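Chemist: Sharing a structure here in structure tokens format.
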Amino acid sequence: DVKVTQSSRYLVKRTGEKVFLECVQDMDHENMFWYRQDPGLGLRLIYFSYDVKMKEKGDIPEGYSVSREKKERFSLILESASTNQTSMYLCASSLRGNAFFGQGTRLTVV
Amino acid sequence: AQTVTQSQPEMSVQEAETVTLSCTYDTSENNYYLFWYKQPPSRQMILVIRQEAYKQQNATENRFSVNFQKAAKSFSLKISDSQLGDTAMYFCAFMKLGNNDMRFGAGTRLTVKP
């Protein structure tokens, strides 16, 4: 059974904190993605990676960075969390046109 | 970048009836994938149906079928014999070949009424 696992389901952080959201997949997929989901806006692509140490900006990369040191792990980093980054974050991986999603992390920045 | 538009923020349908969700997209690519995903309150994204752009035949999956119009860049989802369990957010998505860059529409909230 394919698996994409996000490290936390719910997270509460303070403004200015450095936040790490972790995503691990066990399918040996090359492509991994981070999305942000907000009501009325759907899923917006933050960053994606098509190989280890490779990354591409999506539509809303500002305020975020990513790290992919190993094929199975793709981390999203909020360098200095702000209240407007309160949202649901979804990780996905894909190979040859098949995509699989994690269960989502609801991040609240207070 | 590709854009995906879902023009119906909310829809409702009576149980056992048929409903169609609309999706249009904009791309200069010739080969790509299109998807419909369902997201119930559990938040897990569930693949409903997948279409490869090079295939002219519309994809079907039990009660779910699509109307893929490549020239018009339209990809609508038809749900037949709607069930209460179909109540969810539905997202249309476009995926490029190669790096699988995937973009989503804003979603349609579907409510099936008993």
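Chemist: What strands (runs of 3 or more DSSP E) lie completely within segment A:1-90 and have 3 or more residues being in contact with a strand residue (DSSP E or B) (Cβ under 8 Å, 6 or more places away or on another chain) and of a type in the set (F, W, Y)? Break it down into steps so the answer makes sense when it comes.
Modeler: Details: elements: A:4-6, A:10-13, A:19-25, A:31-38, A:42-49, A:64-70, A:73-78.
Filter on segment A:1-90 gives A:31-38.
Chemist: Here is a list of conditions, (1) of a type outside the set (D, E, K, R); (2) under 14 Å from the mean Cα position of the chain (by Cα); (3) under 26 Å from A:Q103 (Cα atoms), and B:P40 meets all of them except one; can you say which number that is?
Modeler: The number of the failed condition is (2).
Chemist: Can you tell me how many residues in segment B:2-19 are at negative phi, in contact (Cβ under 8 Å) with a residue 24 or more places away in the chain and open to solvent by 60 Å² or more (accessible area, probe 1.4 Å)? Lay out the reasoning, then the answer.
Modeler: Keep residues of segment B:2-19 that are at negative phi, which gives B:2-15, B:17-19.
Imposing the further condition that a residue be in contact (Cβ under 8 Å) with a residue 24 or more places away in the chain reduces the set to B:2-6, B:8-15, B:17-19.
So of that shortlist, the ones also open to solvent by 60 Å² or more (accessible area, probe 1.4 Å) come out as B:3, B:5, B:9-10, B:12, B:14-15, B:17-18.
Selection size over segment B:2-19: 9.
Chemist: Can you find, within segment B:37-47, the residue that is nearest to the other protein chains (Cβ to nearest Cβ) among those that are in a loop (DSSP other than H, G, I, E, B) and farther than 17 Å from A:S94 by Cα?
Modeler: First, pick out the residues of segment B:37-47 that are in a loop (DSSP other than H, G, I, E, B): B:40-45.
Among the residues that remain, those that are also farther than 17 Å from A:S94 by Cα are: B:40-43.
Details: B:P40: 12, B:P41: 12, B:S42: 8, B:R43: 4 Å.
The extreme case among them is B:R43.
Chemist: Determine whether B:L34 is part of a strand (DSSP E or B) and within 14 Å of another protein chain (Cβ to nearest Cβ). Full working, then the answer.
Modeler: Numbers: part of a strand (DSSP E or B): yes; within 14 Å of another protein chain (Cβ to nearest Cβ): yes.
Yes; evaluated as a whole, the condition is true for this residue.
Chemist: Being within 11 Å of the chain's Cα centre (by Cα) and farther than 24 Å from B:E52 by Cα: is that true of A:F74 here?
Modeler: Working: within 11 Å of the chain's Cα centre (by Cα): yes; farther than 24 Å from B:E52 by Cα: yes.
Yes, satisfied.
Chemist: Out of curiosity, is B:I79 open to solvent by less than 60 Å² (accessible area, probe 1.4 Å) and touching a helix residue (DSSP H, G or I) at 6+ places or on another chain (Cβ under 7 Å)? Walk me through how you get there before you give the answer.
Modeler: Working: open to solvent by less than 60 Å² (accessible area, probe 1.4 Å): yes; touching a helix residue (DSSP H, G or I) at 6+ places or on another chain (Cβ under 7 Å): yes.
So B:I79 fits the description; yes.
Chemist: Okay, moving on. Quick check on my filter: what residues within segment A:59-75 are among the small types (G, A, S) and either more than 20 Å from A:G104 (Cβ to Cβ) or open to solvent by 20 Å² or more (accessible area, probe 1.4 Å) (or both)? If you could, list the steps in order and put the result at the bottom.
Modeler: If we filter segment A:59-75 for residues that are among the small types (G, A, S), which is where we start, we get A:63, A:65, A:67, A:75.
Listed by number, the residues that qualify are A:G63, A:S65, A:S67.
Chemist: Could you count how many residues in segment A:93-110 are in a loop (DSSP other than H, G, I, E, B), open to solvent by 50 Å² or more (accessible area, probe 1.4 Å) and at negative phi?
Modeler: At the first step, the residues of segment A:93-110 found to be in a loop (DSSP other than H, G, I, E, B) are A:96-97, A:102-104, A:110.
Next cut, open to solvent by 50 Å² or more (accessible area, probe 1.4 Å) only: A:96, A:110.
Cutting the leftovers down to at negative phi gives us A:110.
Adding up the residues that qualify gives 1.
Chemist: Continuing with this model, one more query. Among the residues of segment B:100-111, what is the count of those that are under 20 Å from B:Q83 (Cβ atoms), open to solvent by less than 10 Å² (accessible area, probe 1.4 Å) and either more than 7 Å from chain A (Cβ to nearest Cβ) or assigned to a strand (DSSP E or B) (or both)? Full working, then the answer.
Modeler: If we filter segment B:100-111 for residues that are under 20 Å from B:Q83 (Cβ atoms), which is where we start, we get B:107-111.
Keeping just the survivors that are open to solvent by less than 10 Å² (accessible area, probe 1.4 Å) gives B:107-108, B:110.
From the residues that got through so far, the ones that are either more than 7 Å from chain A (Cβ to nearest Cβ) or assigned to a strand (DSSP E or B) (or both) too are B:108, B:110.
Final tally of qualifying residues: 2.
Chemist: Go through segment A:20-42 residue by residue and tally those that are at pLDDT 95 or above and at the interface with chain B (Cβ under 9 Å from one of its Cβ atoms).
Modeler: Number of matching residues: 3.
Chemist: Further, regarding this structure: I need the full set of residues from segment A:75-110 which are aliphatic (A, V, I, L, M) and in contact with a Ser or Thr (Cβ under 9 Å, 6 or more places away or on another chain), in order please. Break it down stepwise before answering.
Modeler: Initial filter on segment A:75-110 (aliphatic (A, V, I, L, M)): A:76-78, A:81, A:88, A:90, A:92, A:95, A:99, A:107, A:109-110.
Within segment A:75-110, A:L76, A:I77, A:L78, A:A81, A:M88, A:L90, A:A99, A:L107, A:V109, A:V110 meet the criteria.
Chemist: If I go through segment B:77-91 residue by residue, how many of them are over 19 Å from A:Q37 (Cα atoms) and not in a strand (DSSP E or B)? Step through it out loud before you land on a result.
Modeler: Within segment B:77-91, the first condition is being over 19 Å from A:Q37 (Cα atoms), and the residues that meet it are B:77-86.
Going one step further and asking which of them are not in a strand (DSSP E or B), we end up with B:80-86.
Qualifying residue count for the region: 7.
Chemist: Exactly one condition in (1) touching a residue at least 60 places away in the same chain (Cβ under 8 Å); (2) in a strand (DSSP E or B) is not met by B:E29; state its number.
Modeler: (2)
The values are calculated or read from the model by the stated rules, or taken from the named source; none is laboratory data. Because the structure is predicted, anything quoted here is derived from the model rather than measured. All Cβ positions, even for glycine, are placed from backbone atoms using ideal geometry, and neighbour counts span all protein chains on display. Side chains are part of the model used for accessible areas, which takes the heavy atoms of the whole protein and leaves out ligands, DNA and RNA. Shrake-Rupley method; radii C 1.70, N 1.55, O 1.52, S 1.80 Å.
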